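Novice: This is the structure I want to talk about, given as structure tokens.
The values are calculated or read from the model by the stated rules, or taken from the named source; none is laboratory data. Since the model is a prediction, treat every value here as computed from it, not as a measurement. Don't worry about glycine lacking a Cβ; one is built from the backbone with ideal geometry, like all the others, and counts go over all protein chains shown.
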Amino acid sequence: MAKQVLVTGSGGLIGSEAVRFFAERDFEVVGIDNDMRKYFFGEEASTKWNSDQLNITYKNFTPYPADVRNNDEIEEIFKKYKFDLIIHTAAQPSHDWAAKEPFTDFTVNANGTLVLLENFRKHASDGIFIFTSTNKVYGDTPNRLPLVELEKRYEVSKDHPFHEEGIDESMTIDDSKHSIFGASKVAADVMVQEYGRYFELKTATFRGGCLTGPAHSGAELHGFLAYLVKCIATGRKYTIFGYKGKQVRDNIHSYDLVNSFWHFYQNPRIAEVYNMGGSRYSNVSMLEAIEKIETILDKKANYEYSDENRSGDHMWYVSDVSKFKDHYPDWEFKYNVDDILEQICEKGHF
């Protein structure tokens, strides 16, 4: 009998990558996606195109338009299958948007995660639960690092422990401005850990940097690289919010992240937390990204600058993935930031 995997947010960037990855390894894949991304960010951010494509491509993929907040709907799905793996990627992903509707943000991110965890405990406790968390659980603490301003980016001072590899899991999540979104993800993040420790279940929390790839339905409030490429490709005006455009993000391709899930699945642990991003292998500043995309597309960017940065936004964030690589030494990156940008420019959804 084929192994069964449940993927929430199956039409999104990471969810759709997970569907493809596991369907091609002959898993029976069940997807949950009600296209709330369209509600959050408008028609251009809809994931329906991606969900439809997956449904056509994979005969071993079964989608459900359920809402992760609805326990009755979710429990019916759990009763119908015996999941070996749950990959929970469904979320409200924008810290700007969360401030508009805090109840919606919290119920999707925190309550929805609790609904899935409880059904996992009741109906699939022999399986594995993987949660896509975020670096925003650290709030704006990264901005207290000793930063040096260079020509096109900020960097951490060379004498700081985080300079060589990036930010590790020892960074505190307390005493910082998280954004409403960050707080709802903290609640989910800690609950995933707690279900692991308290009930001795195999759970993992992956605190992502910038997750990206050609399947991203980029919008202004979420999907930095995908939206930037879309703007330059179509001539749309892009706004840089603060920090002189020198803010740095590590970017991890959706394939590399899902491949890390695969490694964890094969040798699971209890209540693990991993920082997971592009690390020193794949990172870029806003100004650097614009230059790279202009070169690939042979088009000039149409952008304006706003002195006001997004509240709580990071000036520099690079993930230290050493802990994961120590636990899973066979995992390695496949795509760096140049590979990612080439793919988005060639295959991106505009």
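Novice: Quick one: would you say W316 is under 20 Å from G245 (Cβ atoms), in contact (Cβ under 8 Å) with a residue 40 or more places away in the chain and either of a type in the set (D, E, K, R) or surrounded by 14 or more Cβ atoms within 10 Å (Cβ to Cβ) (or both)?
Specialist: On the way: under 20 Å from G245 (Cβ atoms): yes; in contact (Cβ under 8 Å) with a residue 40 or more places away in the chain: yes; either of a type in the set (D, E, K, R) or surrounded by 14 or more Cβ atoms within 10 Å (Cβ to Cβ) (or both): yes.
When the stated conditions are applied, W316 passes them.
Novice: Against the conditions (1) surrounded by 14 or more Cβ atoms within 10 Å (Cβ to Cβ); (2) polar (S, T, N, Q); (3) touching a Phe, Trp or Tyr at 6+ places or on another chain (Cβ under 9 Å), where does S306 fall short? Just the number, please.
Specialist: Status for S306: all satisfied but (1).
Novice: Go through (1) in contact with a Pro (Cβ under 8 Å, 6 or more places away or on another chain); (2) surrounded by 19 or more Cβ atoms within 10 Å (Cβ to Cβ) one by one and return the number of the condition N55 breaks.
Specialist: All conditions are met except number (2).
Novice: Right, something else. If you take the residues of the stretch 308-350 that are modelled with pLDDT of 95 or more and among the small types (G, A, S), which of them is farthest from A98 (Cα to Cα)?
Specialist: S322
Novice: In the stretch 19-44, which residues are assigned to a loop (DSSP other than H, G, I, E, B), buried (at least 20 other Cβ atoms within 10 Å of the Cβ) and not polar (S, T, N, Q)?
Specialist: Passing the criteria: F27, D33.
Novice: A further question on this structure: Is there any pair with a first residue in the stretch 33-50 that is within 16 Å of T89 (Cβ to Cβ) and a second that is assigned to a helix (DSSP H, G or I) and modelled with pLDDT of 90 or more whose Cβ atoms are under 6 Å apart and which are 6 or more apart or on different chains, and what are they?
Specialist: Pairs that qualify, where the first residue is within 16 Å of T89 (Cβ to Cβ) and the partner is assigned to a helix (DSSP H, G or I) and modelled with pLDDT of 90 or more, are D33/S51; D35/K48; F40/W97; A45/R37; T47/R37; N50/S16.
Novice: Keeping to the stretch 192-206, report how many residues are surrounded by 21 or more Cβ atoms within 10 Å (Cβ to Cβ) and part of a helix (DSSP H, G or I).
Specialist: The total comes to 3.
Novice: Do we find that D250 is part of a strand (DSSP E or B) and either over 23 Å from D189 (Cβ atoms) or not basic (K, R) (or both) in this structure?
Specialist: Taking the combined requirement at face value, the residue satisfies it.
Novice: Can you run down the residue pairs with Cβ atoms below 9 Å, 6 or more apart or on separate chains, where the first is in the stretch 262-277 and at positive phi and the partner is in a helix (DSSP H, G or I) and surrounded by fewer than 21 Cβ atoms within 10 Å (Cβ to Cβ)?
Specialist: A271/Q193; A271/E194; A271/R197; A271/Y198
Novice: Can you confirm whether I270 is closer than 21 Å to F21 by Cα and β-branched (V, I, T)?
Specialist: Answer is no for this residue.
Novice: Also, quick follow-up: Criterion first (within 23 Å of P214 (Cβ to Cβ) and polar (S, T, N, Q)) does N55 satisfy it?
Specialist: yes
Novice: Filter the stretch 64-110 for residues that are of a type in the set (K, R) and either in contact with a Pro (Cβ under 9 Å, 6 or more places away or on another chain) or farther than 27 Å from W262 by Cβ (or both) and give the result.
Specialist: R69, K100
Okay, residues lined up against (1) touching a Pro at 6+ places or on another chain (Cβ under 6 Å); (2) farther than 22 Å from Y243 by Cβ:
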| position | (1), (2) |
| --- | --- |
| E151 | no, no |
| V156 | no, no |
| H160 | yes, no |
| H163 | no, no |
| S170 | no, yes |
| S176 | no, no |
| F181 | no, no |
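Novice: Then there is this: Taking the stated definitions as given, is N109 modelled with pLDDT under 95 and touching a helix residue (DSSP H, G or I) at 6+ places or on another chain (Cβ under 7 Å)?
Specialist: Answer is no for this residue.
Novice: Please enumerate the residues belonging to the stretch 127-176 that are surrounded by fewer than 18 Cβ atoms within 10 Å (Cβ to Cβ), without any contact (Cβ under 8 Å) to a residue 40 or more places away in the chain and out of contact with any Phe, Trp or Tyr (no Cβ under 8 Å at 6 or more places or on another chain).
Specialist: R144, P146, E151, S157, K158, D159, H160, P161, H163, S170, D174, D175
Novice: Looking at (1) surrounded by fewer than 21 Cβ atoms within 10 Å (Cβ to Cβ); (2) over 16 Å from N135 (Cβ atoms); (3) modelled with pLDDT under 95, which one does Y265 not meet, given that it meets all the others?
Specialist: Unmet for Y265, out of (1) surrounded by fewer than 21 Cβ atoms within 10 Å (Cβ to Cβ); (2) over 16 Å from N135 (Cβ atoms); (3) modelled with pLDDT under 95: (3).
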